[in-house]
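Structure record follows, encoded as structure tokens.
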Amino acid sequence: MADKQQPSTDDQTAAKAANKATDAPKQAEAKAVKPKPKLVASAEEVAKLNKRADDFEDKYLRAEAEVQNVQARFQKEQATLIKYDGQQLAKDILPVIDNLERALAVEASDEAGEQLKKGVQMTYDHLEDALKRNNVTEIAAIGQKFDPTQHQAVQSVPVEKGQTADTVVNVLQKGYQLKDRVLRPAMVVVAQ
């Protein structure tokens with residue numbers, strides 16, 4: 001019995017490889033044979049799905065348009081805020097300018113009064129310069145045609161020689177504007 005020869009490991013490995021080689025096409029055939037299940041939808045289901053897809057697309061487009069509108073509105077508001085920055089401060093300073101002008105209109109009779117008036121004039125000049133640097137300007141009125149967007153008529157007088165109708169003949173209180181926005185209309189007397 002000792003004479004029987006055992007198969008070598010090389011022979012066993014070769015046999016296993018041959019078996020695998022013959023099994024591989026069988027496995028591939030088995031996989032290929034299995035048909036994939038076909039999905040069959042009725043025309044009604046397809047129409048429902050298409051309608052639903054169209055609804056989603058419509059909602060998406062509307063939402064995208066709304067986002068763009070909000071962004072545009074926000075940018076416009078930001079630009080307006082930046083353009084008219086300091087408007088409230090300018091409005092609050094206008095009465096100070098008026099008071100300084102009234103102080104300058106008073107005649108000084110002595111040297112102390114002259115010195116005080118000189119100090120008021122310097123303050124007025126600095127304040128007026130600061131307003132101009134920040135685009136706050138006086139509204140032109142005397143001799144101008146009456147403009148209800150810039151002038152507030154508080155009195156009317158008959159037209160005299162050398163005047164034309166609907167023109168400003170006197171300013172009772174100066175008007176100011178910030179860039180193109182009226183901060184305070186000029187209170188004026190108009191010739192009628």
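The values are calculated or read from the model by the stated rules, or taken from the named source; none is laboratory data. Just so it is clear, the structure is predicted and the values come from calculations on it, not from any experiment. Glycine also receives a Cβ, built like all others from the backbone with ideal geometry; neighbour counts cover every protein chain displayed. Just so you know, the surface numbers come from the protein's heavy atoms only, side chains and all, with ligands and any DNA or RNA stripped out. Shrake-Rupley method; radii C 1.70, N 1.55, O 1.52, S 1.80 Å.
Before moving on, here are some points about what is shown:
- Per the listing 161, 118, the residue uniquely in a helix (DSSP H, G or I) and open to solvent by 80 Å² or more (accessible area, probe 1.4 Å) is 118.
- Residue that is farthest from residue 90 (Cα to Cα), among those in segment 144-158 that are in a strand (DSSP E or B) and open to solvent by 50 Å² or more (accessible area, probe 1.4 Å): 156
- Pairs with Cβ under 8 Å, 6+ apart, first in segment 69-98 and hydrophobic (A, V, I, L, M, F, W, C), second assigned to a loop (DSSP other than H, G, I, E, B): 90/134; 97/174
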